[in-house]
Amino acid sequence: MNLRPVKIAGLATYVPPGLLTNADLEKMVETSNEWILQRTGIRERHIVSAGVATSDLAEPAAREAIREAGLTPADIDFIVVGTTTPDTIFPSTACTLQAKIGARGWGFDLGAACSGFTYALTVGWQFVASGSVEHALVVGADVMSSIIDYTDRSTCVLFGDGAGAIVLSPAEPGEPALIDFLHEIDGSGGPALCMPAGGSRCPASHETIDQRLHYVKQDGQTVFKFAVKKNQEITMALLERNGIAGSDLDLFVSHQANRRIIEAAAQRMNLSPDKVVINLDRYGNTTAGTIPLALADARKQGRLKKNDLVMLASVGAGFTVGSILLRWSL
Ligand SMILES: CC(C)(COP(=O)(O)OP(=O)(O)OC[C@H]1O[C@@H](n2cnc3c(N)ncnc32)[C@H](O)[C@@H]1OP(=O)(O)O)[C@@H](O)C(=O)NCCC(=O)NCCS
């Protein structure tokens, strides 16, 4: 099969207006601004108001990304939504979003937790590259506040809500395009970061509610150690496979879970701080939303320009690990 080059034709993001600051959390659980800042780098997160769901955040991002691509929703023939917090278990948020914006074609949700965006981008890319679809809408969106236990200080300080959308289109020969990806999963890490109830293993019951099993549970240190190691390993392997040195990169855009995880990977690639995007101070960990939010901020700050060589990287629950090398095309 002849694969055609694929480019990013539009990018947009959306976060809800409500803010949850470290000072707010100090009033809710036994924590401090100093602890949160020092251990994670997070200052505040955006949180939805009651009744707002993942597709509500994805919709404005999707509409704006499609507009930037010079298209209308009717031109979109494939939607993939990376999310851990779909509006409903079924129908998929891809279907809900398709109906809201009036896209056509087909699509589905993809569950890869914090690697939701890197994996969704890879899936959209393959379909456009093969020629089976023309314009793919790739969304990373989560309302993490819907599954966070705000009495558990070890997790509630980490997460926020947010969404990003990218439109993928065929690239002309010579245009900057997506280059390569390298992903892996390690299911042995499952218990370290999970939501124990609400699936087929442990359906909702009075007991599961009483035991607070419909919330994120995390063994922070296990996840931290794995993330530091794998973030470095996967990005170095992708660089090597493409004969590229870390110093050749213009920008490193990692999943935003913890400042220390990102800085360790950047150090390993010999990247100066100006080549590393860190915006988790303002959003926290928005799961599938972090990478598009970081790309959008970098672009707004003039740190991401057409033809820049960019590395995306993610580690998430599963465990899932992902990395993508691309030339920025906007
Ligand atoms: C969660 C995380 C910030 C915790 O940092 P840490 O340095 O590992 O801290 P620990 O879990 O060892 O806890 C150290 C102490 O701080 C306490 N603590 C935990 N959360 C706290 C909070 N919000 N405020 C104050 N103290 C807190 C712990 O109870 C523990 O106290 P103890 O020593 O008396 O038992 C860190 O492990 C992490 O970032 N993990 C990865 C998270 C991640 O990436 N998740 C998403 C994957 S995509």
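Below is a table of values for the structure above.
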{"read-out": "Residue list for the stretch 180-200, restricted to those being away from the ligand (no atom under 15 Å from the Cβ) and buried (at least 17 other Cβ atoms within 10 Å of the Cβ)", "value": "181, 182, 197"}
{"read-out": "Members of the stretch 116-132 found to be open to solvent by 10 Å² or more (accessible area, probe 1.4 Å) and more than 14 Å from residue 181 (Cα to Cα), listed by number", "value": "127, 130, 131, 132"}
{"read-out": "Test for residue 88: is it hydroxyl-bearing (Ser, Thr, Tyr) and over 27 Å from residue 308 (Cα atoms)", "value": "yes"}
{"read-out": "Residue satisfying condition, being hydrophobic (A, V, I, L, M, F, W, C), farther than 27 Å from residue 39 by Cα and at pLDDT 95 or above, within set 112, 177", "value": "177"}
{"read-out": "Residue count, the stretch 297-310 (criterion: surrounded by 20 or more Cβ atoms within 10 Å (Cβ to Cβ) and either among the small types (Gly, Ala, Ser) or within 16 Å of the ligand (Cβ to nearest atom) (or both))", "value": "1"}
{"read-out": "The one condition in (1) touching a strand residue (DSSP E or B) at 6+ places or on another chain (Cβ under 7 Å); (2) within 30 Å of residue 35 (Cα to Cα); (3) among the charged types (D, E, K, R) that residue 250 fails to fulfil", "value": "(2)"}
{"read-out": "From 187, 124, 174, 164, residue being closer than 21 Å to residue 279 by Cα and of a type outside the set (Asp, Glu)", "value": "164"}
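Results for (1) over 21 Å from residue 228 (Cβ atoms); (2) of a type in the set (A, V, I, L, M, F, W, C), shown as yes or no for each residue.
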position	(1), (2)
265	no, yes
271	no, yes
287	no, no
291	no, yes
295	yes, yes
298	yes, yes
311	no, yes
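The values are calculated or read from the model by the stated rules, or taken from the named source; none is laboratory data. Computed from a prediction, not measured in an experiment: that's the story for all the values here. Cβ coordinates were reconstructed from backbone atoms using ideal geometry, including for glycine residues, and neighbour counts include every protein chain displayed. Heavy atoms of the whole protein, side chains included, go into the accessibility calculation; ligands, DNA and RNA do not. Shrake-Rupley method; radii C 1.70, N 1.55, O 1.52, S 1.80 Å.
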